Structures are given as C-alpha cells and as structure tokens.
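Working notes, structure below.
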Amino acid sequence: MARLGTPRSADTQDTQDTPALKRALTTPLLYFFILGDVLGAGVYVLVGQVAADAGGAVWVPLAVALLLAMLTAASYAELATKYPRAGGASHYATRAFGPFAGFVAGFCMLAAGIVSVAALARGFGGDYLSAFVTLPVGLVAVLFLALLALVNARGIKESTRANVVATVVEVGGLLVIVVLGAWLLLRGDGDLGRLGQLGTPEKGAAAAVLSGSVLAYYSFVGFETSVNVAEETRDPRRSYPRALFGALVTAGAVYVLVGLAASAAVPTERLAESSGPLLEVVEEAGGVPTRLFSAIALVAVANGALLTGIMSSRLAYGMARDGLLPAALTRVLPGRRTPWLAIAVTTLLAMLLALTGSVATLASTLVLLLLVVFLMVNTAVLVLRRDAGEADHFRAPTVLPVLGAASCVALATQIEAQVWLRGPLTVAVGMVLAAVAAVRRSRAANPSGRA
C-alpha cells in the first residue's frame, strides 16, 4: 500500500507532484451543480415521509429545514471562499483542529458519500427501471457506476453540463406536480384544509415540526458536495456564495410548492403510506403518463449519483493531498486534470456495497455522520477566524455558525436510538484510522525514530 503523504503546511501551494485541478466552473454551472444535488432523488419520496411525521402541513417542516440548512451553508460559504480547495470539511477541520480531526471529518463524509452512491445505484436498478425493462439489480448497479465514473473522469465541465440537463428535467418534473396540484384544486377535487393540519395522533404540533424537519433537513444538504469543487471554480470568492444561496432558495421554494401541491391533492394517510408520493399526485390528477415520472425519477437518481460521486472522489483527492490518505490518490489525468485514481477507488467501493446489499444497514447512520461533520464545520469557522485566508472572502455573521452548531445538536436529539448504536461505531472506525495515519506521518517525518 502506498504510504501516507506528509501533511503540508496550511499555506503551502500546489506543487508539481500534486497538480492543481482545472478551474472550469462558472457561477451558472456551480449554481446548477448545487441545485441538482439538493433537488436529488430524495424529493420523490421525501413528501410522504414528512407527511407521516408532521401531518398535512408538509410545507412547514420543509420551510424550517431550509432555514436550518442556511445556517450551516453560511459556514461553508465562508470556508469555501477562504480556502478554495478540494477536501471540504476534512480540509477545514484539519486547519482548525489538526490532521486527526480532519481525518475523522473526511472519513464521515467519505463514508456517507460512497454509501449514498451505492444506494442510488441500487435504486436506479429497482422499481423505476422495471417500468421499462427488468434486469438484475446488481448488474445494473455495476454498469451504472462504471458509466458514471467515466463521465466523472472525462472532466468537471462535462460532468456539470450533464448535470445542467438533468437538473432542468428534475425541476420540470417537480413543476408539473405543482401545476397538477393547482389543477386538482381548481376542479374542486383537492382539500386546502389539509395544509393547516400540523401534528399526528402520536405527536403534538411542536414535536411534529421538529421530527419532520429532521427528515426534510437532509434534502438540503447537497451543498456539502459543492465545496469539494471550489478549487475547480473560476472565481470562488464571487461565485460560490451566489451559487450556494441562490440554489438553496430555489430548491426551498420548489420543495414548499411541491409540499403544498401534494398535500392538497392527496389525503395525508395515502401520502404517508406511499413510496412514490409524487406519483400519487399524477394518478390523482390524470392526463400525464405515469411512466413519464419513472423516467424523470431515473434522471434524478442518476444525477444525484453523479454529483455525489464527484464529491467523494474530490474529497478523497483532497484528503490525500493533506496527507490523510495514501498519496497515490492525488494522481491526476494529464489532459483532463481529473483525479482518476480517487474516482476509481471510490467507484469500486460503491460497487462492492451495491453488490453486497449492505447499504440498507448502513444508510441509517448517514444522518448522524452528517451532523458530526456539520458540527465540526460550524465550530471550525469560529476557530479559523484568527487566520486571514484568501483576501475578500465571504464572512458569515458570528451568530450564524453558533446557531448552526446548536441546530446540529438539536437535530441529533431526534435521531432514533438504534442509529445511536451504529453511528458512533462508524465514527470510532474513523478515529482508529486517523490514529494509524498519525503514526505513519510521524514515522515518515522521523524515519530514524529519534525524538
């Protein structure tokens, strides 16, 4: 196995042994990158899950989740413009707390990303695809992941252009849902009264909003993916905040409108029991082929997997450059300047998870892993205020990262008990690997073993 690289100082620039990634992303491309990741496959099942927890007023937890996501997004905007490098949360935690914390943050994000890609690959080969053709899920998942890896390796510009097309399709499908909901109301078949029904027989209004917001919150966390391409953005200090907040506001507006339309069009119990709640709206309204939404869902799944795959490979590349993973992962294609070995390794791991079917047992830990990462990022912002960083970077008001950290703790209180049994185990694995990495770095820096 390749030895771990020696960590560079915070101010060290890219050298010839670690070539810089190509700056190809404009503000519009970055906007669509973030929007496409936030409006991912989750929206097609999210509304039903939120309805089960919060009642008919689905739009309330969606709006609350958007506000909570904005808090942590402000921290990411400051750090991504202050340190526009691949590596994301891992790089920020390394600068603020040292390589050990950086490895743990990176490991949590990397694990979440790889499992997410594997789950999306299996989702692509499941019920939505069976509307057109029936093939073994494992075979479809492997071929699907291999194709995405090729698109990823071809170049960030090509990947994000494909994302623009997919995002337009996704948003178009969601707008169809909004129009169909309005049409149902106009013809007298909907029920506006459900929009004010907050709470369930088991939960009061306040508890319903909080638990529903936990589910809705994770539909907005695609912005974490985008910080790993800040290094490939032409002018990150100007482009990143505009693209980030613009995409989140757009996604939030679409989500709230979809929630209003679905809740008014379909009884809450039916939404809560459905694994395809938006398809329920289509069937209720009529006039639109249901297979059309299977196709749109496949596009959404593919787009989400592509963007998460980009994040995972860039995160692995950034961690390797910081000396937290084997240095070989920094290898870049000469012409394309994409991290080909990081793409290959993360894709192979996702294939393994997709084939073993262990994704279901790991998926529930993603919630806790993300909260650990976001807590570290919000606190890193405050610690790194003593470092000037890039000139004229975005600066969030101090209250926002403080509230962002508090929101992570509050949301963690809503995590199910069984997840708390598995989540810390994953974090513990990351801590053990971080300790091993620290020993390797120490030996590399002092090969003679002298003090």
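The values are calculated or read from the model by the stated rules, or taken from the named source; none is laboratory data. Since the model is a prediction, treat every value here as computed from it, not as a measurement. Every residue, glycine among them, receives a Cβ derived from its backbone with ideal geometry; neighbour counts consider all protein chains shown. SASA here: full protein model, heavy atoms, side chains in, ligands and nucleic acids out. Shrake-Rupley method; radii C 1.70, N 1.55, O 1.52, S 1.80 Å.
Confirm whether R237 is charged (D, E, K, R), in a helix (DSSP H, G or I) and surrounded by fewer than 17 Cβ atoms within 10 Å (Cβ to Cβ).
Spelling it out, it is not the case that R237 is charged (D, E, K, R), in a helix (DSSP H, G or I) and surrounded by fewer than 17 Cβ atoms within 10 Å (Cβ to Cβ).
What is the residue count in the range 300-326 for residues that are among the small types (G, A, S), out of contact with any Leu (no Cβ under 7 Å at 6 or more places or on another chain) and open to solvent by 10 Å² or more (accessible area, probe 1.4 Å)?
1
Would you call F132 within 12 Å of L298 (Cα to Cα) and under 21 Å from the mean Cα position of the chain (by Cα)?
So F132 does not fit the description; no.
Among the residues that make up the range 274-286, is at least one of them open to solvent by less than 10 Å² (accessible area, probe 1.4 Å) and in a loop (DSSP other than H, G, I, E, B)?
Checked the range 274-286: no residue is open to solvent by less than 10 Å² (accessible area, probe 1.4 Å) and in a loop (DSSP other than H, G, I, E, B).
If F220 satisfies all but one of (1) aromatic (F, W, Y); (2) open to solvent by 60 Å² or more (accessible area, probe 1.4 Å); (3) over 30 Å from G286 (Cβ atoms), what's the number of the condition it fails?
(2)
Taking A206 as meeting all but one of (1) among the small types (G, A, S); (2) in contact with a helix residue (DSSP H, G or I) (Cβ under 9 Å, 6 or more places away or on another chain); (3) at pLDDT below 85, write down the number of the exception.
(2)
Looking at the range 331-352, which of its residues are in a helix (DSSP H, G or I) and surrounded by fewer than 24 Cβ atoms within 10 Å (Cβ to Cβ)?
Hits for the range 331-352 are W340, L341, A344, V345, L348, L349, M351, L352.
Hey, E269 hits all of (1) open to solvent by 30 Å² or more (accessible area, probe 1.4 Å); (2) in a helix (DSSP H, G or I); (3) over 30 Å from A80 (Cα atoms); (4) in contact with an Asp or Glu (Cβ under 9 Å, 6 or more places away or on another chain) but one; which does it fall short on?
Condition not satisfied by E269: (4).
Only residues that are of a type in the set (V, I, T) and at pLDDT 90 or above: list them for the range 62-89, please.
Scanning the range 62-89 gives V64, T72.
Report, by residue number, each residue of the range 128-138 that is free of Cβ contacts under 8 Å to residues at least 12 places away in the same chain and under 20 Å from S274 (Cβ atoms).
S130
Here's a check for you: in the range 187-206, which residue that is in a helix (DSSP H, G or I) and of a type outside the set (A, V, I, L, M, F, W, C) is farthest from G404 (Cα to Cα)?
Per the stated criteria, the residue is G193.
Of T6, T18, which residue is hydroxyl-bearing (S, T, Y), at pLDDT below 80, open to solvent by less than 30 Å² (accessible area, probe 1.4 Å) and assigned to a loop (DSSP other than H, G, I, E, B)?
Answer to the check: T18.
Any residue in the range 219-236 that's more than 12 Å from L29 (Cβ to Cβ): show its pairings with residues that are modelled with pLDDT under 75 and of a type outside the set (A, V, I, L, M, F, W, C) at Cβ separation under 8 Å, as long as the two are six or more apart or on different chains.
Close Cβ pairs (under 8 Å, with a partner that is modelled with pLDDT under 75 and of a type outside the set (A, V, I, L, M, F, W, C)) amount to S219/G40; S219/G42; G222/D37; G222/G40; F223/D37; T225/D37; N228/G87; E231/R23.
Could you count how many residues in the range 300-321 are over 15 Å from G155 (Cβ atoms) and touching a Phe, Trp or Tyr at 6+ places or on another chain (Cβ under 9 Å)? Write out each step before concluding.
First, the residues of the range 300-321 that are over 15 Å from G155 (Cβ atoms): 300-305, 308, 311-312, 315-316, 318-321.
Among the residues that remain, those that are also touching a Phe, Trp or Tyr at 6+ places or on another chain (Cβ under 9 Å) are: 300-302, 305, 319.
Here the count works out to 5.
Evaluate the range 416-426: report whether one residue or more is within 30 Å of E78 (Cα to Cα), out of contact with any Gly (no Cβ under 8 Å at 6 or more places or on another chain) and modelled with pLDDT of 80 or more.
Scanning the range 416-426, I find no residue that is within 30 Å of E78 (Cα to Cα), out of contact with any Gly (no Cβ under 8 Å at 6 or more places or on another chain) and modelled with pLDDT of 80 or more, so the answer is no.
Within the range 78-121, how many residues are open to solvent by 20 Å² or more (accessible area, probe 1.4 Å) and without any contact (Cβ under 8 Å) to a residue 24 or more places away in the chain?
Total satisfying the criteria: 0.
Just to check your reading of the model, which residue among V209, V227, V214 is open to solvent by less than 10 Å² (accessible area, probe 1.4 Å) and in a helix (DSSP H, G or I)?
Exactly one residue qualifies, and that residue is V227.
Which residues, taken from the range 360-410, are of a type in the set (G, A, S), open to solvent by less than 50 Å² (accessible area, probe 1.4 Å), at pLDDT below 90 and farther than 30 Å from A118 by Cβ?
If the condition is that a residue be of a type in the set (G, A, S), open to solvent by less than 50 Å² (accessible area, probe 1.4 Å), at pLDDT below 90 and farther than 30 Å from A118 by Cβ, then G389 is the only one that fits.
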